[in-house]
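This report concerns only the one structure given below.
What follows is calculated from the coordinates using simple rules that are stated; it is not laboratory data. The structure presented is a predicted model; accordingly, all values stated were derived computationally and were not measured. Counting neighbours? That spans all protein chains shown, and the Cβs are built from the backbone with ideal geometry, glycine included.
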Amino acid sequence: MTSTDWPLWEVFVRSRRGLSHTHAGSLHAPDAEMALRNARDLYTRRSEGVSIWVVPSASITASSPDEKDPFFEPAADKPYRHPTFYDIPEGVRHL
Amino acid sequence: MTTMAPDTESYEAVFDAAVAADERIEPRDWMPDAYRASLVRQIAQHAHSEIIGMQPEANWITRAPSLRRKAILMAKVQDEAGHGLYLYSAAETLGTGRDELLDKLHSGRQKYSSIFNYPTLTWADVGAIGWLVDGAAITNQVPLCRCSYGPYARAMVRVCKEESFHQRQGYELLLTLSRGTEAQHAMAQDAVDRWWWPSLMMFGPPDDESAHSAQSMAWKIKRHSNDELRQRFVDICVPQAESLGLTLPDPDLRWNEERGHHDFGPIDWAEFHAVLRGNGPCNDQRINRRRQAHEDGAWVREAAAAYAGKHRDTQGEARA
Amino acid sequence: MKQAPAHVPATAGAVPAAAALALGDDALVLSHRLAEWAGNAPVLEEEVALTNIALDLLGQARFLLSLVGDEDELAYLREERAFRNVQLVEQPNGDFAHTIARQLFFSTYQELLFGRLAAGDGPFAPLAGKAVKEVTYHRDHAEHWTLRLGDGTEESHRRMQTALDALWRYTGELFEPVEGLEVDVTALRDAWLTLITKTVRQATLELPTGPQAGAWTAGAGRQGLHTEPFGRMIAEMQHLHRSHPGASW
């Protein structure tokens, strides 16, 4: 990394209250404070957000696509976690 | 990441199946080297076009003839910087840093859209760029929202959403001029006369001469051919020009009932290739200005990096 | 055909015209200077940031000028001597350090001023209430960059100090009383100096020691006396509008 090379940050924006932060993209900034400000300017200039997270891209540990099967297959095996697994008699509401 | 030979085949099968099923390829997925290279080339060229494209329009910010127009133009040029950032960010997911891409732009090893090598000579050019250049860009870009590479497609969704105002403001600007004084009308017509043909060139060479098209279509990076998109653009523009009260500078332009499309005259591909090779009216000016801004800013970027180095610990504490 | 207003009425509605013009011209001129950065910023992220600030200021200018008359007549058809902005905002961008120093001095003043106006019940309270949020961000931006340039590299430190010193002489005018603007300028100046001193010290820089006004120019911008670069700036700004008298854009 050269001295002018600012690290990369991932930006997460909460678009409105009640929603979780969603990945919006990335940007370069020398430090966290500037990253937050740059993110505010770039990703919320049409008032798309109420809250922003910035995370150094290098700090993110991601599951590898190679591990996809062991990671996600077991979940696919548990249909009882999904509401459509259950038969409910017709006419029963608010369930 | 390992790319062991025995696995490549099965990886490639997974990749091909995903593309065939219209699924998105994501950054950490295995992908053919040529797919990655092709994407980097296209996304970089697109990002470079956004930031070089700021120059011809910024040329008029300080002379905008009303405060309303000035605010609109500033917001538009700012969006272009933003779009450049979204796109560089998409390119970074392929493992290519922005510094590397900027280096390639500055040294002429990567291109940007040739259209920005034409000068903005009058205020009406701002309108013509909005209507025709952004119009052509949108025609090109809307299909990219469904591009097979996820981060590029997502960046394009954002870009297209924001660009919708760019074309409209250009059209409205030209309409105001066209319906204004005689001098204003003439200014608008002159701008359209100068920007029409270069806009048609923005779709790239004809399909049978396009170097990258076939493979890009197979990979679903591209969804429509250059000629298809160009025809679509001409068909859209003809009635719009009529509503503007302006003419398009092509004596061969007429509706072809049989094809259900407008026929149009031959494009001067010699000019296109000359501009591409660096002989356009503004090639040197644009790249020199970009290089200059980058060099002038080096001490600022260094300063911020140095400050961050000194204060890394205290910043962490402040947030804790 | 539109005519340049021969004179500006003393009050436009309930709003004191002189004060609206002074504040409006400050915002108009600084916005124009910041917009000159378009395509030239040191890093792409800063293109977006500087334009955000310029757009906020242009919005303020349009609001304030519209209180006095037609915004475009006022912006495009007044002669240099009729502009009421402080000389600080018309100073050329210089290097990034000069732009940041100008931003630091001006946005700190504007935040304090608007904060006071917003708290009162005068004619500017509604505008100030909205604008103070924008300006708080402008000051935050300027402070962050002052710290980074001051406490960055040797070169950036030197450039930032040079910029502070060069623009210091235009800061006194910020605290000249403006007709129709009911603020305690002495208190404003004290608060300003406290904030500036804190930021400058934290940035490992020195507070300039020179006078805060030139020999004959104290308050001069507010009276329509400007510096030479300003004439060229508005010549560029106005030429197209003036070339087509009466035209709509």
Once you charge only the Cβ atoms, +1 for Lys and Arg and -1 for Asp and Glu, what is the size of the charge dipole of the protein assembly as shown about its Cα centre, to the nearest 20 debye? 1300
Peptide-level mean, for C:48-59, of C-beta atoms on other protein chains within 10 Å: 5
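Please report the relative contact order for chain C, taking Cα pairs under 8 Å with a sequence separation of at least 6, and give it as a percent rounded to a whole number.
Averaging sequence separation for qualifying contacts and normalising by length gives 25 percent for chain C.
Give me Rg/Rg_expected for segment B:105-243, where Rg uses Cα atoms only and Rg_expected = 2.2 N^0.38 Å with N residues.
Details: Rg = 16.2 Å, N = 139, 2.2 N^0.38 = 14.3 Å.
Segment B:105-243 yields a ratio of 1.13.
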Show me the ranking of peptides C:224-233, C:91-100, A:7-16 by mean Cβ neighbours inside 10 Å, starting with the highest. C:91-100, A:7-16, C:224-233
Distance violations [Cα-Cα > 27 Å] among B:LYS70/B:LYS111; B:LYS111/B:LYS220; C:LYS133/C:LYS198; B:LYS76/B:LYS310; B:LYS70/B:LYS222; B:LYS70/C:LYS130: B:LYS70/B:LYS111; B:LYS76/B:LYS310; B:LYS70/B:LYS222
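Counting only C-alpha contacts under 8 Å and six or more residues apart, can you give the relative contact order of chain B as a whole percent?
On the way: 343 pairs, mean separation 56.2, N = 320.
After rounding, I find 18 percent.
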Gyration tensor (Cα only) of the protein assembly as shown to equivalent ellipsoid, semi-axes in Å sorted down, yields 45, 34, 24
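Taking every residue in A:38-47, how many Cβ atoms of other protein chains lie within 10 Å of its Cβ, on average?
On the way: counts 7, 1, 4, 15, 12, 5, 0, 10, 6, 0.
Counting other chains' Cβ atoms within 10 Å and averaging over A:38-47 gives 6.
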For chain C, what is Rg from Cα atoms divided by 2.2 N^0.38 Å, rounded to two decimals? 0.98
Length-normalised contact order for segment A:3-62 - Cα pairs under 8 Å, 6+ apart - percent: 42
Taking the Cα atoms only, what angle lies between the long axis of helix C:228-243 and the longest principal axis of chain C, rounded to 10 degrees? 40
Provide A:ASP87, B:ASP29 in ascending order of the number of other Cβ atoms located within 10 Å of each residue's Cβ, fewest first. A:ASP87, B:ASP29
Which trypsin sites (Lys or Arg not before Pro) in segment B:31-123 sit in a loop by DSSP (not H, G, I, E or B) and have at most 10 other Cβ atoms within 10 Å of their own Cβ? B:ARG109
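Ignore the peptide's own chain and count Cβ atoms of other chains within 10 Å of each Cβ in C:156-164; give me the average, rounded. Display every interim value, and only then the final one.
On the way: counts 8, 2, 1, 3, 1, 0, 0, 0, 0.
Mean partner shielding for this stretch: 2.
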May I ask for the percentage of alpha-carbon pairs in segment B:173-320 that lie more than 21 Å from each other? 66
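Rounded to whole Å and ordered largest first, report the semi-axes of the equivalent ellipsoid of chain B derived from its Cα gyration tensor (root of 5λ). Let's see the in-between values first.
Values: eigenvalues 249, 160, 60 Å².
The equivalent ellipsoid of chain B has semi-axes of 35, 28, 17 Å.
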Pairwise centroid distance, computed over Cα atoms, of segment B:86-161 with segment A:28-51, Å: 21
Loop GluC sites (Glu not before Pro), segment B:232-296 (other Cβ atoms within 10 Å of the site Cβ: 16 or fewer; DSSP): B:GLU257, B:GLU258
For chain C, take the longest principal axis of its alpha carbons; what is the angle in degrees between that and the long axis of helix C:125-150, to the nearest 10 within 0 to 90? 30
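How long are the semi-axes of the equivalent ellipsoid of segment A:3-62, taking √(5λ) for every eigenvalue λ of the Cα gyration tensor, in whole Å from largest down? Don't skip to the answer; put the middle values down first.
Details: eigenvalues 84, 36, 11 Å².
So the equivalent ellipsoid measures 20, 13, 7 Å along its semi-axes.
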Sparse-neighbour loop sites [trypsin sites (Lys or Arg not before Pro); segment B:180-283; at most 12 other C-beta within 10 Å; DSSP]: B:ARG259
Diffing segment B:228-233: the Karplus 3J(HN,Hα) column from phi (6.51, -1.76, 1.60, θ = phi - 60°), in whole Hz with x for Gly and Pro, holds 4, 5, 4, 4, 4, 5
For B:TYR149, residues with placed amide H under 5 Å, excluding near neighbours: B:ILE25
